[in-house]
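Notes follow the structure.
The values are calculated or read from the model by the stated rules, or taken from the named source; none is laboratory data. Quick caveat: nothing in here was measured; it's all calculated off a predicted structure. Neighbour counts run over all protein chains shown; Cβ positions are idealised from the backbone, glycine included. Heads up: the accessible areas ignore ligands, DNA and RNA and are worked out on the full protein's heavy atoms, side chains in. Shrake-Rupley method; radii C 1.70, N 1.55, O 1.52, S 1.80 Å.
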Amino acid sequence: MNNGSDYDFIIIGSGAGGGTLAYRLAPSGKKILLIERGPYVRREKDNWNSRAVNAEGKYNTKELWRNADGTELHPHTNYYVGGNTKFYGAALFRLREQDFGEIKHYGGTSPAWPISYDELEPYYTEAEQIYHVHGAVGEDPTEPYRSGAFPYPAISHEPRIQQLSDDFALHGLKPFHTPLGVMLDEKNPQKSPCIRCNTCDGFPCLVNAKADAHICCVVPALRHDNVTLLTDTKVTRLETDGSGREVTAVHVERNGIKETYSANVVVVSGGAINSAALLLRSANDKHPKGLANGSDVVGRHYMGHVNSVLMALSKCPNPTVFQKTLSVNDFYFSSPEWEFPMGHISFVGKLDGDTLKAGAPKVAPKWTLDLMGKHSLDFWLTSEDLPDPNNRVTVNRDGELVLQYKPNNEEGHKRLIKKLESLMQQQTKCSVHGHECHEGLFARNLYLGQRIPLAGVAHQNGTIRFGDDPTTSALDRNCKAHELDNLYVVDASFFPSSGAVNPGLTIIANALRVGDHLLERMNARREQPEMMAMA
């Protein structure tokens, strides 16, 4: 059936990119259709149950992907309203100014972006307001220029984390408070939506107090009559007119029924892996290699960061509830230790026995999983991976998604791990156990069913890069496809390089930037959204 060209905009995917874009466009009065392949996350006690979320993967997609050799790949990703932001740890960093330029790494060169930090800065500022970012200016040694303060004060450290922060500072580091998007008001706990709990990073928020795309953007967008959301609706293919310059139809499967929709402008935002796959599946006579793929870059240069979770075990218990408040960027670029970038050190949510069941390191028998969980500091380390055309997303003959990825630029990451180990060995004496308190650092492969590390696709980016040259990029600086007049992409696909901080805030800021471009293109004026009044 054909529903006619009823819409000004169709946005495919409701996460950090698509959800934010819908929020930006909603007040214009233009007719907007937001298509989400999944449902709303059901609100239930299991939202906060570590066994259900981590050990059983209750909210993970059951979809199977393939490795390059054809073996099964179980992606750790979630299809829901709000996309993966429903489950993210809400660390919302700006990329550094230098990340927008070329950076020399030990393993190669990280390429420059077609836009500068200055062009994105006002949108970062707005993104931080919309997503309730808490932080403190002037602590992070690599902090980029900011036109204003954080909208909310930094989330305080609990005593064990404060002690670690003080220790790091004694060793000459500049630890800082992680910028976090949670709706926590520490001065008025009675009025605070966020209750500072231990089921945040990796969990959906049962009290809707995590700043995710669903709560911050989709809900306010849907207050406008001109915005329609379709859930459980999977886009299967984009169809163009005979010239190949315009997307004329969006084919979907909705509750098992095939439907077609059309709009003046179509925006793809299904996550870097699925967006690339959709363009590849939409190949036609005019676009034989896949839609918008004359350059042959679509699906290529997949990046997801070199990530590790490391547990530091000590004899002292770590009673911290909300642990993800501390970060270290002293080794983000070159440092006195090494002339090349190493990466970013921060925390994950507190690990517990149930989470550890999903892939625990082999340690001395006296450490049961529950005991390890009670005595560990759980670090998250991120280093930049470089865009390699052979790290790519393809679609096989059976229509299955194939992810081919060989890690690169790992030397910096190895050094970062060693650096953290030496820092932990220099911890000040614990009042009970002295220096012996620190038992060592264990790398933890968070495997779900022993297949893909948890970090696997959380930071997915780079598969539909933007640039000024149509022969080496798929999108222009406004994230419009070079080869089509009405196709845009606003998830992390557009990243030409990955940086070494979480991509979330950059996706959000860019969606706001592209939103302004689209409003201008449609001659629509932008009203101040309601949210801003509350900020």
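The residues on offer are K187, K174, K191, and the sole one that is among the basic types (K, R), under 30 Å from E337 (Cβ atoms) and assigned to a loop (DSSP other than H, G, I, E, B) is K174.
For the stretch 320-334, the criterion of a residue being of a type in the set (A, V, I, L, M), open to solvent by less than 10 Å² (accessible area, probe 1.4 Å) and not in a loop (DSSP other than H, G, I, E, B) is satisfied by at least one position.
One residue alone among L25, L21 is modelled with pLDDT of 90 or more, on the phi < 0 side of the Ramachandran plot, part of a helix (DSSP H, G or I) and under 18 Å from the mean Cα position of the chain (by Cα), and that residue is L21. Among the numbered conditions (1) assigned to a strand (DSSP E or B); (2) out of contact with any strand residue (DSSP E or B) (no Cβ under 7 Å at 6 or more places or on another chain), tell me where G181 comes up short. Failing condition for G181: (2).
All of A16, A55 fail the test of being hydrophobic (A, V, I, L, M, F, W, C) and at pLDDT 95 or above, apart from A16. Look at the stretch 138-151: where a residue is of a type in the set (D, E) and a partner is open to solvent by 60 Å² or more (accessible area, probe 1.4 Å), sitting 6+ places away or on another chain with Cβ atoms under 9 Å, you get E139/K174; D140/K174; E143/V137.
Within the stretch 252-271, the set of residues being on the phi < 0 side of the Ramachandran plot and of a type outside the set (V, I, T) comprises E253, R254, K258, E259, Y261, S262, A263, N264, S269, G270.
Per-residue answers, yes or no, for (1) open to solvent by less than 50 Å² (accessible area, probe 1.4 Å); (2) among the β-branched types (V, I, T):
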residue	(1), (2)
V182	yes, yes
K191	no, no
C205	yes, no
A209	yes, no
P220	yes, no
H224	yes, no
L230	yes, no
V235	yes, yes
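The set of residues from the stretch 48-69 being open to solvent by less than 40 Å² (accessible area, probe 1.4 Å) and either assigned to a loop (DSSP other than H, G, I, E, B) or more than 26 Å from V182 (Cα to Cα) (or both) comprises G57, Y59, N60, T61, W65.
Apart from one condition, P39 fits all of (1) closer than 30 Å to I345 by Cβ; (2) surrounded by fewer than 21 Cβ atoms within 10 Å (Cβ to Cβ); (3) touching an Asp or Glu at 6+ places or on another chain (Cβ under 8 Å); the exception is (1).
Among residues belonging to the stretch 126-172 that are hydroxyl-bearing (S, T, Y) and more than 23 Å from K187 (Cβ to Cβ), point out the one that is least open to solvent (accessible area, probe 1.4 Å). The qualifying residue least open to solvent (accessible area, probe 1.4 Å) is T142.
Within the stretch 112-125, restricting attention to residues that are among the charged types (D, E, K, R) and without any contact (Cβ under 8 Å) to a residue 60 or more places away in the chain, the residue that is surrounded by the fewest Cβ atoms within 10 Å (Cβ to Cβ) is D118. Criterion applied to G13, G29 was being touching a residue at least 24 places away in the same chain (Cβ under 8 Å) and surrounded by fewer than 18 Cβ atoms within 10 Å (Cβ to Cβ), and the one residue passing it is G29. The requirement of being of a type in the set (V, I, T), touching a Phe, Trp or Tyr at 6+ places or on another chain (Cβ under 9 Å) and either under 30 Å from P341 (Cβ atoms) or modelled with pLDDT of 95 or more (or both) is not satisfied by I215.
Count of the stretch 59-94 residues, restricted to those that are under 28 Å from T233 (Cβ atoms), basic (K, R) and at pLDDT 95 or above, is 1. Taking the conditions exactly as written (under 30 Å from S335 (Cα atoms) and touching a Phe, Trp or Tyr at 6+ places or on another chain (Cβ under 7 Å)), does P204 satisfy them or not? So P204 fails the test. The numbered conditions (1) open to solvent by 40 Å² or more (accessible area, probe 1.4 Å); (2) modelled with pLDDT of 95 or more are all true for V514 except (1). Scanning the stretch 374-392 for residues that are in contact with a helix residue (DSSP H, G or I) (Cβ under 8 Å, 6 or more places away or on another chain) and farther than 28 Å from Y332 by Cα yields a count of 0.
Has the stretch 87-97 got at least one residue that is under 26 Å from N396 (Cα atoms), open to solvent by 10 Å² or more (accessible area, probe 1.4 Å) and not in a loop (DSSP other than H, G, I, E, B)? No, the stretch 87-97 contains no residue that is under 26 Å from N396 (Cα atoms), open to solvent by 10 Å² or more (accessible area, probe 1.4 Å) and not in a loop (DSSP other than H, G, I, E, B). Quick check on my filter: what residues within the stretch 38-70 are aromatic (F, W, Y) and within 12 Å of P204 (Cα to Cα)? Scanning the stretch 38-70 gives Y40, W48, Y59. When the stretch 297-317 is filtered for residues that are buried (at least 23 other Cβ atoms within 10 Å of the Cβ) and either basic (K, R) or part of a loop (DSSP other than H, G, I, E, B) (or both), the ones remaining, listed by number, are V297, V298, G299, R300, H301, Y302, G304, H305.
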